[in-house]
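Working notes, structure below.
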Amino acid sequence: MNDLKLALLGFGNAGQAFAKMLCEKQAEIRQVYGRGVIVTAIATHSKGTIVDAAGIDLVKACKDVTETGKFAADTRGLCGLTTFEVIEQADYDAICELTPLEIFTGQPAIDHIKAAFGRGKHVISANKGPIAWAYDELSAAAAAKDLLFFYETTVMDGTPIFNLVEHTLKFCKITEVSGILNSTTNYILEELAAGKEYDTVIEAGKKLGFIEANPAMDIEGYDAAAKVTALLNVLMKAGITPDDVDRTGIENITLEDIQAAAAKGKVIKLLCKGRLTDGKVEASVKPVEVDQSDMLASVDSTTSIVSITTDLMGKLSVIEHAPEIEQTAYGIFGDVIRIMELAPISES
């Protein structure tokens, strides 16, 4: 039936949510496109690896991981192949790069993508590292082989930022991109403003799932720097890495700072910005005081916003309201559907 065959690198929360979404929509996909989407490989470091050219039972895979933390021993196709061996040996049309972010290098995700392109395979990345650290190189490699390279999930979960610009802002020149892109710092600043102690906020956030075990990457602005870099590399052809971002986190913001801002009718937000200045894109991540009447001041908790300034359409803003893991899964799902629509149908 010429189903689109996927290999998943990583099977964490987003990968599992995507697998469930794919199962739920499989019949509808077949009805619309006359073919379906099957997963022929899942490679992980801790849960095991499955390679099955006939298609993996995703319902079973999700159930086993939920119940035991790994793929069951009776899983058809369970094997000991490494991630790179799966990339080189498995039968698939496109790879989904869903491995954990290595925020300071983007590796090994960058090399995963290069290896897939080397085999002439399309790539979907939910990992922002490759887009922040090696976007120009990877997009050029894809173009050289007429391959598709999609990454909608990398900045604001499934919010269609890259698609919005590509498909609906044709001939617009983007002169500035700004926004609140890190929900952890948003949450922390709000809780501090409510008078809560820093350590209490961190512990509560960890229990609620807002804050990672090691929150330094968020608090010190590294995650936000990677996200704004990805946006600027794609939307403004900036050709930068997170090292080029003027970065200041919120680690030194005190209750006194927040109260002083409030006395002036302002709130503190960690703002990401990239601006075209003298032909060069300059990027920053900094805590700034925002007037309480400004739209940015209303962006609370896990909500995110990105604003795009253009020459022809002025300034546009997109808000993602309190996303759950399903929004991340939909970003992957949407990129898969784009490949269904754009890639030539394999004869295999």
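Which of the residues that make up region 216-243 are open to solvent by less than 20 Å² (accessible area, probe 1.4 Å) and on the phi > 0 side of the Ramachandran plot? Listed by number, the list holds a single entry, G221.
Checking the conditions here, which among K207, K227 is of a type in the set (K, R), closer than 20 Å to L271 by Cα and either touching a Ser or Thr at 6+ places or on another chain (Cβ under 7 Å) or not in a loop (DSSP other than H, G, I, E, B) (or both)?
On the way: K207 fails: closer than 20 Å to L271 by Cα.
Answer to the check: K227.
A Cβ distance below 9 Å, combined with a sequence gap of six or more or placement on separate chains, defines the contacts here; from region 68-88, residues that are free of Cβ contacts under 8 Å to residues at least 60 places away in the same chain and within 14 Å of A109 (Cα to Cα) reach no residue that is part of a loop (DSSP other than H, G, I, E, B) and among the small types (G, A, S).
Might you let me know whether region 158-176 holds any residue that is at positive phi and surrounded by 15 or more Cβ atoms within 10 Å (Cβ to Cβ)? Please lay out each step first, then the result.
Going through region 158-176, the residues at positive phi turn out to be 171.
After this cut, where a residue has to be surrounded by 15 or more Cβ atoms within 10 Å (Cβ to Cβ) as well, the list is none.
Checking region 158-176: not a single residue is at positive phi and surrounded by 15 or more Cβ atoms within 10 Å (Cβ to Cβ).
So which of I124, I188 is within 29 Å of T83 (Cβ to Cβ) and open to solvent by less than 10 Å² (accessible area, probe 1.4 Å)?
On the way: I188 fails: within 29 Å of T83 (Cβ to Cβ).
Exactly one residue qualifies, and that residue is I124.
The listed residues are A238, A213, and the only one of them that is outside any strand (DSSP E or B) and in contact with a Gly (Cβ under 7 Å, 6 or more places away or on another chain) turns out to be A238. Within region 21-48, the set of residues being farther than 19 Å from D64 by Cβ, assigned to a helix (DSSP H, G or I), open to solvent by 40 Å² or more (accessible area, probe 1.4 Å) and not polar (S, T, N, Q) comprises K25, A27, E28, R30, V32, Y33. Every condition in (1) touching a residue at least 40 places away in the same chain (Cβ under 8 Å); (2) closer than 15 Å to L8 by Cα; (3) surrounded by 15 or more Cβ atoms within 10 Å (Cβ to Cβ); (4) of a type outside the set (V, I, T) is met by P108 except one, and the failing one is (1).
Residues in region 297-321 that are of a type in the set (A, V, I, L, M) and within 15 Å of the chain's Cα centre (by Cα): how many? Please lay out each step first, then the result.
Applying the first criterion (of a type in the set (A, V, I, L, M)) to region 297-321 yields 297, 299, 305-306, 308, 312-313, 316, 318-319.
Going one step further and asking which of them are within 15 Å of the chain's Cα centre (by Cα), we end up with 305-306.
So the count comes out to 2.
Residues in region 57-95 that are crowded, with 16+ Cβ neighbours inside 10 Å, out of contact with any Ser or Thr (no Cβ under 7 Å at 6 or more places or on another chain) and among the β-branched types (V, I, T) were compared, and the one that is nearest to T44 (Cα to Cα) is T83. Looking across region 74-116, just one residue is of a type in the set (F, W, Y) and under 20 Å from the mean Cα position of the chain (by Cα), and that is F104.
What do you reckon, is F18 open to solvent by less than 20 Å² (accessible area, probe 1.4 Å), under 18 Å from A329 (Cα atoms) and assigned to a loop (DSSP other than H, G, I, E, B)? I'd like the intermediate steps shown before the answer.
Numbers: open to solvent by less than 20 Å² (accessible area, probe 1.4 Å): yes; under 18 Å from A329 (Cα atoms): yes; assigned to a loop (DSSP other than H, G, I, E, B): no.
Spelling it out, it is not the case that F18 is open to solvent by less than 20 Å² (accessible area, probe 1.4 Å), under 18 Å from A329 (Cα atoms) and assigned to a loop (DSSP other than H, G, I, E, B).
The values are calculated or read from the model by the stated rules, or taken from the named source; none is laboratory data. Because the structure is a prediction, the values reported are computed rather than measured. Because the Cβ atoms are built from the backbone with ideal geometry, glycine has one as well, and the counts that use them run over all protein chains shown. The accessibility values were calculated without ligands, DNA or RNA, using every heavy atom of the protein model including side chains. Shrake-Rupley method; radii C 1.70, N 1.55, O 1.52, S 1.80 Å.
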